[in-house]
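Comments concern the structure below.
The values are calculated or read from the model by the stated rules, or taken from the named source; none is laboratory data. The structure presented is a predicted model; accordingly, all values stated were derived computationally and were not measured. A quick note on method: Cβ atoms are made from the backbone with ideal geometry, for glycine too, and the neighbour counts reach across all protein chains shown. Ligands, DNA and RNA are stripped out before the accessible areas are found, and what is left, the full protein with its side chains, is counted by its heavy atoms. Shrake-Rupley method; radii C 1.70, N 1.55, O 1.52, S 1.80 Å.
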Amino acid sequence: MSAEKVSLTPSKRGNTTVLRLDRISQVDSNAVYHEGQGVNNGLIINEQRSNAAALAPPTGESEPAQLQLEFKCWLINSVTGDKVPESRQLKFWFKDEASYLNKVSLSYDFFSELVQPDKFPRDYLNFVKNCMKQLQSDRFSLLQRIDVELTPLDSTQEQIIPGLEEADMRSRDEQLRDQVLFLLESAYPNILEIDDLAKIMGISEAEVLSILEELANRGLVKRMEDQRGWTRRVQMDETTAEEEPTIVIEQMPTLTKKQEPSIAVITSNYYEKLAVDAMMDNKTTYVKFQAVGDAHVYTIGYIGDHRVVTTKLPQIGRTRGAQISAGNNTTRLLGTFQQIEHVFMVGGAGGVPHYTDYYKHARLGDVVMSTPNDKGHIYVFCDKLVEDRKTKEISYQLKTYVPKDPCIQDRVSEIRDYCYANPNAKPWLEFLREGQEALKGQEVSFARPPPDSDKLFMHLGEHDVIEVAHPQPPQGVHNDSEINLHFGPVGSGRSVIKGATARQEFAYKHGIQAFDKEFDQVLDSIIGNVKYSFAIIRGIIDYADGSSNSGKKWLPYSALAAAAYMKTVIRSMPNA
């Protein structure tokens with residue numbers, strides 16, 4: 001235990017209680033209210049002082065907190081049982097020798113230890129005592145001061161208990177309509193028949209038909225010529241409600257060498273493909289509809305001087321059918337268009353939270369560009385966890401992916417260097433605006449969702465969850481960019497993405513910036529078809545793996561942000 005003592009000086013600021021904790025070597029006996037003994041030796045409680053006196057730094061200089069972290073508690077009234085929300089904010093000051101990495105890791109470790117589920121105190125006294133004892137520990141010797149600010153919140157402003165999905169208050173009819181549309185969008189370009197939809201949804205075929213006819217009247221779906229199957233209608237023009245130029249095919253027509261695309265873009269979601277297609281000029285879609293199997297959709301157009309083809313995979317994931325489908329569709333794409341030299345995978349994903357590191361923390365709407373970690377990997381897939389029989393230690397059985405041709409990553413480095421030297425140069429923002437204008441006629445909005453919908457939660461063990469504030473920029477750092485870019489590997493694997501703790505550990509060990517929905521089969525097919533230049537670009541839609549229900553709200557915007565950065569990269573690439 002450190003020889004230094006820890007003093008607590010309480011004060012009030014409006015309805016906020018401020019508890020200032022200082023690591024000290026000398027005790028001001030005139031200010032002491034109580035001095036701990038025994039296990040609490042070295043803990044000093046000072047008299048309550050005025051706000052100005054209590055919060056002044058020891059040096060007398062006014063210095064803002066170097067890092068801060070806020071979380072919310074729901075306090076339960078023992079008499080009424082009512083849940084009352086309270087904000088608890090920790091502000092950190094460090095000794096001069098602490099590096100930025102020290103500050104980030106120590107503040108995170110301090111907070112994580114403080115809120116451990118089996119140790120988290122349910123009353124103020126023990127919460128404050130734990131803060132003091134942790135600050136006194138040698139583990140946190142580089143911490144100089146912590147302010148704990150406790151502020152009661154208006155219960156009408158905090159209706160959602162952390163970790164729970166917001167209740168869907170819409171009518172049953174509205175929910176069923178959205179479910180039908182979602183199923184058709186997920187299957188596209190596969191078609192679905194009425195009996196399949198009825199089985200999936202657990203409703204009658206008559207009710208499904210009624211919903212489909214209503215959606216058809218709104219121009220969102222269409223019945224196939226066989227009168228049985230239904231598919232999503234791709235509407236592009238807001239004023240005319242016309243579809244984009246689409247050619248229904250049985251077999252892709254032969255293209256001249258000049259017409260052949262050299263770049264392929266793979267998506268797995270209907271709105272991801274709309275976002276990517278909005279980045280292209282002079283485009284035409286070729287689609288083969290089918291209930292199962294050989295359905296595919298290709299949109300060919302231009303990005304800059306490059307001829308580009310985009311596609312949407314009907315299925316992705318770890319089911320046997322999805323793995324076969326993803327691999328087969330990728331192989332078919334690359335076999336059909338044999339002049340392809342570069343492949344992009346673009347869409348939504350889950351960001352990796354960094355609760356105290358502002359620079360690494362990817363928020364909703366940010367974009368992650370896959371670049372190599374310290375081992376050169378841009379995609380890290382965990383096939384399974386392996387436990388050592390003797391030591392019981394867990395290791396990861398990995399599949400890792402490295403592009404042999406770093407053409408795309410080289411262009412990204414050049415863009416980063418240029419934008420660092422020219423902070424106002426952000427062409428992706430212009431492409432984002434152009435895409436939003438082109439997609440105004442869609443059923444969903446591609447506008448950025450409101451900031452208060454970007455809530456961050458921290459999982460404590462298996463069941464407990466608290467809401468925490470996003471990390472704030474360091475002192476003197478100002479960032480007004482709508483989209484922040486992050487660079488590093490993308491990860492996946494069911495064994496590590498299914499739990500928040502496993503995701504965090506895996507991410508920190510391998511430098512993962514985002515998690516997606518298992519694209520290893522797609523990457524295997526790309527490499528198997530001798531395409532060695534590839535990259536993954538992901539817009540952040542949740543803090544898991546990009547498949548949560550809450551992520552649907554952010555998917556259109558974030559996919560468009562990823563597509564806008566993709567366009568920036570493609571336009572910078574040399575034309576063969």
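Of the numbered criteria (1) surrounded by fewer than 16 Cβ atoms within 10 Å (Cβ to Cβ); (2) touching a strand residue (DSSP E or B) at 6+ places or on another chain (Cβ under 6 Å); (3) among the hydroxyl-bearing types (Ser, Thr, Tyr), the one Tyr420 fails is (2).
Listed here are the residues, each with its yes/no results for (1) among the small types (Gly, Ala, Ser); (2) open to solvent by less than 30 Å² (accessible area, probe 1.4 Å); (3) in contact with a strand residue (DSSP E or B) (Cβ under 6 Å, 6 or more places away or on another chain).
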site	(1), (2), (3)
Leu485	no, no, yes
Gly491	yes, yes, yes
Ser495	yes, yes, yes
Ala507	yes, yes, no
Ile512	no, yes, yes
Phe534	no, yes, yes
Ile537	no, yes, yes
Tyr557	no, yes, no
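Condition (residue is in contact with a Leu (Cβ under 8 Å, 6 or more places away or on another chain), open to solvent by less than 20 Å² (accessible area, probe 1.4 Å) and modelled with pLDDT of 95 or more) applied to the stretch 253-263: is it met by at least one residue? There is no residue in the stretch 253-263 that is in contact with a Leu (Cβ under 8 Å, 6 or more places away or on another chain), open to solvent by less than 20 Å² (accessible area, probe 1.4 Å) and modelled with pLDDT of 95 or more.
Residues in the stretch 213-251 that are assigned to a loop (DSSP other than H, G, I, E, B), closer than 17 Å to Val297 by Cα and modelled with pLDDT under 85: Val234, Met236, Glu244, Pro245, Ile249, Glu250, Gln251. Are any residues in the stretch 1-15 open to solvent by less than 40 Å² (accessible area, probe 1.4 Å) and modelled with pLDDT of 85 or more, and if so, which ones? Hits for the stretch 1-15 are Val6, Ser7, Leu8, Thr9, Pro10, Ser11. Please indicate, with yes or no, whether at least one residue in the stretch 458-467 is open to solvent by 90 Å² or more (accessible area, probe 1.4 Å) and at pLDDT below 95. Taking every residue of the stretch 458-467 in turn, at least one turns out to be open to solvent by 90 Å² or more (accessible area, probe 1.4 Å) and at pLDDT below 95.
Scanning the stretch 145-169 for residues that are open to solvent by 60 Å² or more (accessible area, probe 1.4 Å), at pLDDT 75 or above and over 20 Å from Glu467 (Cα atoms) returns a single hit, Met169. Scanning the stretch 357-401 for residues that are open to solvent by 10 Å² or more (accessible area, probe 1.4 Å) and of a type in the set (S, T, N, Q), we see that the one that is farthest from Ile527 (Cα to Cα) is Thr391. Just a yes or no: is a residue in the stretch 377-388 of a type outside the set (A, V, I, L, M, F, W, C) and under 24 Å from Ala559 (Cα atoms)? Checking the stretch 377-388: at least one residue is of a type outside the set (A, V, I, L, M, F, W, C) and under 24 Å from Ala559 (Cα atoms). Under 8 Å by Cβ, and 6 or more places apart or on different chains, what pairs join a residue from the stretch 124-136 that is over 15 Å from Pro10 (Cα atoms) with one that is part of a helix (DSSP H, G or I) and not polar (S, T, N, Q)? Close Cβ pairs (under 8 Å, with a partner that is part of a helix (DSSP H, G or I) and not polar (S, T, N, Q)) amount to Asn130/Leu114; Gln134/Phe110; Gln134/Glu113; Gln134/Leu114; Gln134/Phe140; Leu135/Phe110. In the stretch 276-297, is there at least one residue being touching a Leu at 6+ places or on another chain (Cβ under 8 Å) and either farther than 23 Å from Leu523 by Cα or modelled with pLDDT of 95 or more (or both)? Yes. None of Asp109, Asp118 is open to solvent by 50 Å² or more (accessible area, probe 1.4 Å), under 30 Å from Pro64 (Cα atoms) and at pLDDT below 90 except Asp109. Only residues that are among the hydrophobic types (A, V, I, L, M, F, W, C) and not in a strand (DSSP E or B) were counted in the stretch 258-304, giving 10. Screening the candidates Glu443, Glu437 for the property of being modelled with pLDDT under 90, of a type in the set (D, E, K, R) and open to solvent by 20 Å² or more (accessible area, probe 1.4 Å) yields one hit, Glu443. Quick check on Ser141: is it within 29 Å of the chain's Cα centre (by Cα), modelled with pLDDT of 85 or more and small (Gly, Ala, Ser)? Here the answer is no, as Ser141 does not meet what is asked. Entry remark, the stretch 418-431: residues being assigned to a helix (DSSP H, G or I) and either closer than 14 Å to Ser481 by Cβ or at pLDDT 95 or above (or both) number 7 in total.
Ala98 meets the conditions (1) open to solvent by less than 60 Å² (accessible area, probe 1.4 Å); (2) modelled with pLDDT under 90; (3) part of a loop (DSSP other than H, G, I, E, B) in every case but one. The failed one is (2).
Criterion applied to Val530, Val522 was being hydrophobic (A, V, I, L, M, F, W, C) and either open to solvent by less than 10 Å² (accessible area, probe 1.4 Å) or touching a Pro at 6+ places or on another chain (Cβ under 8 Å) (or both), and the one residue passing it is Val522. For the stretch 16-31, the count of residues that are open to solvent by 70 Å² or more (accessible area, probe 1.4 Å) and not in a loop (DSSP other than H, G, I, E, B) is zero. The set of residues from the stretch 327-356 being β-branched (Val, Ile, Thr) and either modelled with pLDDT under 90 or open to solvent by less than 10 Å² (accessible area, probe 1.4 Å) (or both) comprises Thr330, Ile340, Val343, Val346, Val352, Thr356.
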